[in-house]
Amino acid sequence: MKIILIGLGTVGQGFLEVLQKKADILKTEQNLMPQIVAVATGSRGFLADPDGLDIPQLLESIKKGNLSHYPQKDGLDRNFADAIDLIRRVDADLVLELTPTNLQTAEPATSHIQAAIDSKKHVITANKGPIAKHYQKLMQAAKNAKVEIRFEATVMAGTPCIALGRELLAGCEIKEARGIVNGTTNYILSQMENGLDYAAALKQAQDLGYAETDPSADVEGWDAAAKVLIFLAAFFGKEIPLDSLDVTGITGISAEDIHEAKTAGERYKLIATISPKGGSVKPMRLPMDDPLAHVGGATNAISFKTDLMGETTLIGKGAGKHETGFAILADLLALHRKA
Ligand SMILES: NC(=O)c1ccc[n+]([C@@H]2O[C@H](COP(=O)([O-])OP(=O)(O)OC[C@H]3O[C@@H](n4cnc5c(N)ncnc54)[C@H](OP(=O)(O)O)[C@@H]3O)[C@@H](O)[C@H]2O)c1
């Protein structure tokens with residue numbers, strides 16, 4: 001399995017570390033020997049080696065600041081116009097698209113994925129933009145090119161929510177799914193229940209690295225809304241525009257609201273709802289016997305309501321370099337099993 005890596009930030013490095021740690025087990029138990037044959041970054045250079053790049057040296061050079069620190073050798077190519085040029089010119093089986101998410105344009109990731117499909121390479125992505133915005137177009141193009149696009153890492157990191165809904169529950173009819181899919185807002189709501197006001201809880205989430213300096217995508221519900229679009233596409237094959245979803249974030253929730261819910265034996269959660277009819281993101285008061293009411297801190301969860309199984313709930317990490325690296329490995333193993 002020859003792999004091209006587009007993006008070598010938190011997730012790209014996390015994936016390489018997971019690969020390094022699991023190399024022996026992948027070889028002995030899965031007969032999988034992945035080889036990184038090329039890497040592209042936005043501003044830190046390019047590398048391609050048909051014999052495979054050395055993972056420890058790759059990690060060391062990026063930690064020093066850019067790929068110019070990777071040792072020179074015969075056959076190593078550093079000269080590419082951009083990631084698309086690299087995807088087209090390097091011989092590989094698979095492209096990992098791990099560049100930053102842009103929910104407005106879904107670029108540059110969509111163009112990277114399209115270039116991979118055009119050159120008959122499979123795709124695994126952690127990037128929400130292309131899956132939320134162009135699912136049908138990309139899946140059709142992949143089908144025509146006889147390649148696959150997998151995207152477990154786009155929601156709940158390595159907690160296998162896409163595989164559960166699409167593969168493990170196949171045969172059940174999903175009536176509805178409800179999720180806590182944004183760790184930042186769940187952390188803020190949990191801390192507000194512990195007595196902090198909204199501003200103090202947000203500041204704490206930022207200090208801990210859960211929330212961005214500009215937290216609007218999280219607290220206004222747009223990150224969760226993009227994940228609703230991904231679920232709608234993955235579970236029901238439905239594609240709708242982001243701005244047509246009913247989205248309310250947590251900025252209007254006050255300490256009094258939290259207190260009032262607590263007194264009534266309930267708990268506020270930002271709930272993403274997905275059904276064949278559509279989806280929404282809204283703060284909701286949940287009774288304590290709801291499995292989602294007990295998902296605290298930055299943890300994520302999804303609860304499926306199906307005809308044969310009733311309610312099935314999955315709880316786990318929603319972010320993190322090794323957790324997301326594992327999601328990519330899980331997709332890699334799924335592709336390998338089909339090969
Ligand atoms: N972090 C998480 O826990 C997590 C969890 C689930 C999903 N995700 C998703 O995974 C993706 C990657 O996240 P991250 O945290 O790894 O981001 P990151 O740390 O910002 O890394 C992004 C990488 O993409 C590179 N890049 C940017 N523009 C590029 C371009 N035009 N061509 C090639 N490379 C380009 C960057 O290179 P430069 O540094 O040189 O610009 C950097 O190496 C995002 O879409 C994110 O939403 C992240």
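Numbers for the structure displayed
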quantity: Volume per residue that the Cα convex hull of region 139-181 spans, once the total is divided by residue count, Å³; calculated: 102 Å³
quantity: Under 20 Å from the Cα of Lys133 - lysines, other chains or at least 8 residues apart; calculated: Lys143, Lys227, Lys238, Lys277
quantity: Pairwise centroid distance, computed over Cα atoms, of region 203-237 with region 117-195, Å; calculated: 13 Å
quantity: Accessible area, probe 1.4 Å, largest first, for residues His322, His294, His336; calculated: His294, His322, His336
quantity: Size descriptor, Kirkwood hydrodynamic radius, that averages inverse alpha-carbon separations across region 116-161, Å; calculated: 10.9 Å
quantity: Quotient of C-alpha Rg and 2.2 N^0.38 Å, computed over region 177-271; calculated: 1.15
quantity: Principal-axis tilt of helix 183-193 within the chain, Cα atoms, nearest 10 degrees; calculated: 30 degrees
quantity: Dipole magnitude (debye, nearest 20) for the chain, charges at Cβ of Lys, Arg, Asp, Glu; calculated: 760 debye
quantity: Å² per residue, accessible surface of the chain at 1.4 Å; calculated: 44 Å²
quantity: On Cα atoms only, tilt of 321-338 relative to the major axis of the chain in degrees; calculated: 60 degrees
quantity: Estimated inter-spin distance, Cys172 and Lys2, nm [label 7 Å along Cα→Cβ]; calculated: 4.1 nm
quantity: Simple label model, 7 Å out from Cα along Cβ direction - Ser244 to Ile315, nm; calculated: 3.6 nm
quantity: Region 93-182, accessible surface, carbon-and-sulfur percent (1.4 angstrom probe); calculated: 52 percent
quantity: Size of region 43-98 as Cα extents on the principal axes (Å, biggest first); calculated: 27, 24, 19
quantity: Dipole magnitude of region 275-339, debye to nearest 20 (Cβ charges: Lys/Arg +1, Asp/Glu -1, about Cα centre); calculated: 240 debye
quantity: Evaluated over region 268-328, the Cα radius of gyration and Dmax, each in Å; calculated: 13.2, 35
quantity: Calculated FRET value between Leu103 and Asn31, using beta carbons and R₀ = 41 Å, to 0.05; calculated: 0.60
quantity: P(r) of region 90-245 over all Cα-Cα pairs, binned every 5 Å from zero, in whole percent; calculated: 2, 9, 17, 19, 18, 14, 11, 6, 3, 1, 1, 0
quantity: Inter-probe distance in nm under a simple model that places probes 7 Å from Cα toward Cβ, at Leu308 and Asp74; calculated: 5.8 nm
quantity: Cα-based Kirkwood hydrodynamic radius, the chain, one decimal, Å; calculated: 20.9 Å
quantity: Acute angle (nearest 10 degrees) that the helix 222-236 long axis makes with the longest principal axis of the chain, alpha-carbon atoms; calculated: 80 degrees
quantity: Carbon/sulfur fraction of accessible area - region 1-62, other protein chains in place, 1.4 Å, %; calculated: 46 percent
quantity: Cα-derived Rg to Rh of region 216-314, Kirkwood definition; calculated: 0.98
quantity: Calculated FRET value between Lys143 and Arg337, using beta carbons and R₀ = 30 Å, to 0.05; calculated: 0.95
quantity: Helix-only [θ]222 nm of the chain, DSSP H runs n ≥ 4, -39500 (n - 2.57) each, per residue, nearest 500; calculated: -12000 deg cm²/dmol
quantity: Computed P(r) (all Cα pairs; region 1-120; 5 Å bins; percent); calculated: 2, 11, 22, 25, 20, 13, 6, 1, 0
quantity: Charge-dipole axis of region 190-313 as Lys and Arg at +1 and Asp and Glu at -1 on Cβ define it, positive-most pick from Pro276, Leu308, Phe236; calculated: Leu308
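The values are calculated or read from the model by the stated rules, or taken from the named source; none is laboratory data. Since we're looking at a predicted model, the values are computed, not measured. Neighbour counts run over all protein chains shown; Cβ positions are idealised from the backbone, glycine included. Keep in mind that these areas ignore ligands, DNA and RNA; they rest on the heavy atoms of the full protein, side chains included. Shrake-Rupley method; radii C 1.70, N 1.55, O 1.52, S 1.80 Å.
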